[in-house]
Amino acid sequence: MPIPLVMTIIGPDRTGLVESIARAVADHGGNWLESRMCHLGGEFAGILRIEIPAEKKSPLLAALEDLQEHGLQIVVRADQPASVLKPGRQTKLEIVGSDRPGIVREITSALARANVNVEEFFSEVSSAPMSGETLFKASARLKLPEHCNLAALKKDLEKIAADLQVDVSFAELGNR
């Protein structure tokens, strides 16, 4: 019976890094289920979920230890069975504005106060096309609790956005 595992990897970016992980998984009868990986600041970081035959787990862990000798840090954990999903609404949040310290902290504090779960979060800074000023952009997929007062949350975020001089927008994605 296959067992699900979640792995995180981080290390200096290099050609063939993902292939080395994929080869180790495949060589041990594993199935690559899903992943999120990217290059950030000279490092390569990723999280992935695999299934592997139970009897192959120890040999896979040994193979992954060999990869760690090449500069990778790899953490493997048992994938916990999905808990009963609480009903709620999916929402996409987008933030754009001049970069400054504290944007992520202020926005995520408001979300936490409203019991909103951040399921995915992407952010970057770049140069604005015309002015060249540093522009902060973020996109998040959120799970709002069933009884979330969306109007109150939007009002709270709009106040923070005005204080930070950023634009915040929501798009409902539906129930899940």
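Nothing in this text is a laboratory measurement; each read-out follows from the coordinates by a stated rule. It should be emphasised that the depicted structure is a prediction, and the values quoted were computed from it without experimental measurement. Methodologically, a virtual Cβ is constructed for each residue, glycine included, from the backbone with ideal geometry; neighbour enumeration extends over all protein chains shown.
Computed values, structure above
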{"item": "Among Met37, Asn149, Ser169 the positive-end extreme of the charge dipole of the chain (Cβ point charges)", "result": "Asn149"}
{"item": "Whole-angstrom gap from the stretch 97-164 to the stretch 1-56, using each part's C-alpha centre", "result": "30 Å"}
{"item": "Among (1) 14.9, 43; (2) 20.0, 58; (3) 32.1, 110, the entry that matches Rg and Dmax of the Cα atoms in Å as calculated here", "result": "(2)"}
{"item": "Dipole magnitude of the stretch 62-176 about its Cα centre (Cβ charges: Lys, Arg +1; Asp, Glu -1), debye to nearest 20", "result": "620 debye"}
{"item": "Whole-Hz couplings from phi, Karplus 6.51/-1.76/1.60, listed for the stretch 32-45; x for Gly and Pro", "result": "7, 8, 7, 7, 9, 9, 6, 9, 9, x, x, 10, 10, 10"}
{"item": "Percent RCO, i.e. relative contact order, over the chain, from Cα pairs under 8 Å lying at least 6 residues apart", "result": "24 percent"}
